[in-house]
1. Fully extended, how many nm does the chain gain between B:I131 and B:V219 (0.36 nm per residue separation, minus their Cα-Cα distance)?
2. For the peptides B:143-153, B:215-225, what is the packing order when you average, over each peptide's residues, the other Cβ atoms within 10 Å and list the highest mean first?
3. Is the shape of segment B:104-161 best called rounded, prolate or oblate, per the rule: a/c under 1.5 gives rounded, else a/b larger than b/c gives prolate, else oblate, with a ≥ b ≥ c the square roots of the Cα gyration tensor eigenvalues?
4. Using a simple charge model, +1 on the beta-carbon of Lys and Arg, -1 on the beta-carbon of Asp and Glu, nothing else, what dipole does chain A show about its Cα centre, in debye to the nearest 20?
5. Angle check, please: helix B:125-149 long axis (alpha carbons) against the longest principal axis of chain B (alpha carbons), in degrees 0 to 90, nearest 10.
6. Amide H neighbours of B:F242 under 5 Å, counting only residues 5+ apart in sequence or on other chains, H built in-plane at 1.01 Å?
7. Is segment A:21-131 rounded, prolate or oblate when judged by the Cα gyration tensor, a ≥ b ≥ c being the square roots of its eigenvalues, rounded requiring a/c under 1.5 and prolate requiring a/b larger than b/c?
8. With labels modelled as points extended 7 Å from the Cα through the Cβ direction, what inter-label distance (nm, one decimal) is found for B:H43 paired with B:L301?
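Just so it is clear, none of the values below were taken in a lab; they were calculated from the coordinates. Nothing here was measured: the structure is a model prediction, and the numbers come from that model. Methodologically, a virtual Cβ is constructed for each residue, glycine included, from the backbone with ideal geometry; neighbour enumeration extends over all protein chains shown.
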Amino acid sequence: MTQMALVIDLNVCVGCHACVTSCKEWNTSGWAGPLTDHRPYDKDPTGTFFNRVQTFEVGEFPRTETVHFPKSCLHCEEPPCVPVCPTGASYKREDNGVVLVDYDKCIGCKYCSWACPYGMRELDEYQKVMKKCTLCIDRIANDTLPEAERKPACVLACPTSARLFGDVHDPDSEVSMAIREQGGYQLMPEWGTKPANHYLPRRKTRIQIFEDELERADNPLRKEAPLPAAEGETLDDVSF
Amino acid sequence: MHPAFSVIFLTTLIGVGQGLFLALVTGQVYSLANLLQPQDSVHFYAMGAALSLAFLLAGLLASFFHLGHPERAWRSAAKWRTSWLSREVIVLPLLMLLIALYAAVHYFGLTQSLFVIQGVISVDASLILGILGAIAAFALYFCTAMIYASIKFIEEWHSPLTLINFTLFGLASGFMLAAAFSAWTGVDLVGFFGTWAVIFTFAAGVSRGMSLRRNRHLVHKSSLQTAIGIRHNRIEQKSQGFMGGSFNTREFFHGASEAGVRLVFGFFLLAVFVLPVLLLGASYWLASPYLPVAAFVIQYLGLMAERWYFFAEAKHPQNLYYQSMA
């Protein structure tokens, strides 16, 4: 089985919202569009988006860290939003595991949005149907596009490559290796929804340097102390 | 959660309709066992069933206002294998059909005995339809409540108490309406239905009290730590990704002030559990046809407030992502 998903590296994301605008641009003008807006150039603009970037501050000043957190449908392997749909408009694709909404069947009852613990679904206030991230199904399943472009718009737009895309069921894929080797985790694992999307945690890069690595004990340029000849041979005195 | 008036009207109105029908069937079964005087088919049972049907119709009508595409509502019967909403959509018209047939059988006097069980119980078409309708009415309480109780991460709702509350509130208001209907039409069943209404109101008070207590001490499974997967005791949201709100901030927050919520809470406690019982009690002595009607109306208003509070007290875990803006 194939389960396409995103892996988002929180260590790399700089919160530039390029994925948000690229997603909106592609999807409002494509198969899943339009993603309508209300008061887009006025006070309190609001509208439908598939992808948002939120920002959190972790810790207490001065020891704080800013975490930018891109948030879109996680394409759960046990999607709680799908079985509750009374019409079958909400479904999970068999071939690649993407969770989609059939806009022609959706009655706009909003029950699926209640059944998503992550709040990843948004009702389009004008079209009155439920909308959500399609993982750019019209790109990734489009054989006429060159292989390199068969990726979601957000992934192609990310300037820091914080977003990886691939099959999380293939153990040798880039995403599976990233999850395995860099501590990839799922959101709200307590609900058993098995989100396919994973996040890579923030990682501190620290170098460990010991004193004697900086300063060779028998450095002839050392002036502060007499040469430690009395201490016997060092490794450098041994000739091979 | 944001309390939608369409859903408040739907759940309270059909609850009354089901309860009234169950009250009529209860009355019929009692009179069959010679515990009550048999009532007039046309004026009591047929009219009562029509009244119950009117409430169910009004509820159904209200539900359409909840939909973005009401013209596609017929599609919602498709996924009855998995969705409680779909099951409700099937059981509600089924119950309405049974009640309509029940009303028709009484209205046209088709109540000749079909067969007799053990030489005592005379079974006619209305009794069969009444029993089938009663089963459907209970099934509908179950379906309606399961729509809410089946969502495991809305923990305030995910409890058997939700099922018990919906059923008992429906029964209480339905029997209250039966008492009001009896009083209004001059039928001598006000005491019978009124007593049951008070019993159900009291039982609903106990079970709602238990769920309120449960929700007050509820420790939510999800936290901001599990929501974004960062282990730190102090995480503060600085941006939600927008300034002007979104579906997430409109649908999942009730938006009322704390004082407003407390006001609704106090009103529903008084209007559902206290005032109707006092009014019914007074009607025993005063024998006024207005008091049971007033009791029903006040309890119904109280139930609307109760349903509003039911939504407002539910905290969806998605709200963790929409806590603050810098």
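1. Details: separation 88, 0.36 × 88 = 31.68 nm, distance 4.19 nm.
Gain on extension, B:I131 to B:V219, equals 27.5 nm.
2. B:143-153, B:215-225
3. Details: a/c = 7.06, a/b = 3.04, b/c = 2.32.
Prolate is the answer for segment B:104-161, as a/c is 1.5 or above and a/b outweighs b/c.
4. The dipole of chain A has a size of about 1400 debye.
5. The two axes meet at around 10 degrees.
6. none
7. On the way: a/c = 2.06, a/b = 1.38, b/c = 1.49.
Verdict is oblate for segment A:21-131.
8. Spacing of the two 7 Å Cα→Cβ label points: 3.1 nm.
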